[in-house]
1. Do we have any residue at all in region 139-157 that's in contact (Cβ under 8 Å) with a residue 12 or more places away in the chain, in a helix (DSSP H, G or I) and either in contact with a Leu (Cβ under 6 Å, 6 or more places away or on another chain) or open to solvent by less than 100 Å² (accessible area, probe 1.4 Å) (or both)?
2. Determine whether Val112 is over 16 Å from Met3 (Cα atoms), buried (at least 19 other Cβ atoms within 10 Å of the Cβ) and in contact with a Leu (Cβ under 9 Å, 6 or more places away or on another chain).
3. For region 1-36, give me each residue that is among the acidic types (Asp, Glu) and either closer than 24 Å to Leu70 by Cβ or not in a loop (DSSP other than H, G, I, E, B) (or both).
4. Please go through region 128-138 and pick out each residue that is open to solvent by 80 Å² or more (accessible area, probe 1.4 Å) and without any contact (Cβ under 8 Å) to a residue 60 or more places away in the chain.
5. In region 47-70, what count of residues is obtained for those that are closer than 25 Å to Gly109 by Cα, surrounded by 13 or more Cβ atoms within 10 Å (Cβ to Cβ) and not basic (Lys, Arg)?
6. What tally of residues in region 1-54 results from selecting those that are touching a residue at least 60 places away in the same chain (Cβ under 8 Å) and either within 21 Å of Gly96 (Cα to Cα) or among the hydroxyl-bearing types (Ser, Thr, Tyr) (or both)?
7. Within region 128-178, which residues are within 14 Å of the chain's Cα centre (by Cα) and of a type in the set (A, V, I, L, M, F, W, C)?
8. Name every residue in region 71-97 that is open to solvent by 40 Å² or more (accessible area, probe 1.4 Å), aliphatic (A, V, I, L, M) and in contact with a Leu (Cβ under 9 Å, 6 or more places away or on another chain), in order of residue number.
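The values are calculated or read from the model by the stated rules, or taken from the named source; none is laboratory data. Note that the structure is a prediction, hence the values are computed from the model and not measured. Backbone-built Cβ (ideal geometry, glycine too); neighbour counts: all protein chains shown. Side chains included, ligands, DNA and RNA excluded: accessible areas come from the protein's heavy atoms. Shrake-Rupley method; radii C 1.70, N 1.55, O 1.52, S 1.80 Å.
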Amino acid sequence: TRMLQEAGLSRRDCFLTNVLALRPPNNDLAALCCKKADAGADYPLPHLGKVGQYLRPEYLLELERLREELEEVRPNLIIALGATACWALLSTNGIGSLRGTVATGTLVGSKVLPTYHPSAVLRNWAWRPIAIADLMKAKRESAYAEIKRPRRLILVNPTIQECLEWISTHVKAECACDIETKYGMIEMIG
């Protein structure tokens with residue numbers, strides 16, 4: 001709740017739900033999982049949690065319940081808190097590499113922004129400012145339902161003349177260069 005407040009969001013304005021409307025024994029999601037062979041050949045999702053763990057087919061109805069809840073609410077944005085929510089809403093793993101990005105959900109067509117689960121933030125306090133920044137982005141993204149990507153123009157291997165023309169056209173203030181090196185060699189100048 002405090003992280004939402006710091007991001008300019010109010011918990012009462014949010015619809016809160018869970019991927020699973022049940023608590024696994026000892027709060028261990030692995031207790032609800034099985035091996036791929038036991039999940040069946042037509043299992044629709046990637047592994048959950050550790051490689052080789054798949055949500056048992058009898059619990060897949062929970063995803064249908066979640067889909068119905070979200071379709072009824074029809075939010076502009078869904079914040080996926082943690083790896084399990086990311087798995088359910090985006091059909092993928094890897095919260096660390098996905099957090100802060102906006103994508104179209106696979107469970108429902110709504111816009112989804114994954115970030116760290118609050119309980120993970122309590123275990124790794126260094127993630128707290130990252131999660132708050134993600135929530136601040138979520139506030140901005142919640143203003144509209146569609147995904148808006150910034151228009152980008154990328155010049156690959158420009159000549160010095162092209163660089164000077166771009167700077168004179170687009171840079172209205174002082175600018176600085178950044179030189180990236182690798183193994184003692186110049187790799188890129190930005």
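1. Taking every residue of region 139-157 in turn, at least one turns out to be in contact (Cβ under 8 Å) with a residue 12 or more places away in the chain, in a helix (DSSP H, G or I) and either in contact with a Leu (Cβ under 6 Å, 6 or more places away or on another chain) or open to solvent by less than 100 Å² (accessible area, probe 1.4 Å) (or both).
2. Judged against the criteria, Val112 is a match.
3. Glu6, Asp13 - these are the residues of region 1-36 that are among the acidic types (Asp, Glu) and either closer than 24 Å to Leu70 by Cβ or not in a loop (DSSP other than H, G, I, E, B) (or both).
4. Answer for region 128-138, where residues must be open to solvent by 80 Å² or more (accessible area, probe 1.4 Å) and without any contact (Cβ under 8 Å) to a residue 60 or more places away in the chain: just Pro129.
5. 13
6. Matching residues across region 1-54 total 4.
7. If the condition is that a residue be within 14 Å of the chain's Cα centre (by Cα) and of a type in the set (A, V, I, L, M, F, W, C), then Ile130, Ala131, Ile132, Ala133, Leu135, Met136, Ala138, Ile147 are the ones that fit.
8. We begin by selecting, within region 71-97, every residue open to solvent by 40 Å² or more (accessible area, probe 1.4 Å); these are 71-74, 76, 79, 81, 83-84, 91-93, 96-97.
Adding the requirement that they be aliphatic (A, V, I, L, M) leaves 73, 79, 81, 83.
Of everything in region 71-97, those that are open to solvent by 40 Å² or more (accessible area, probe 1.4 Å), aliphatic (A, V, I, L, M) and in contact with a Leu (Cβ under 9 Å, 6 or more places away or on another chain) turn out to be Ile79, Ala83.
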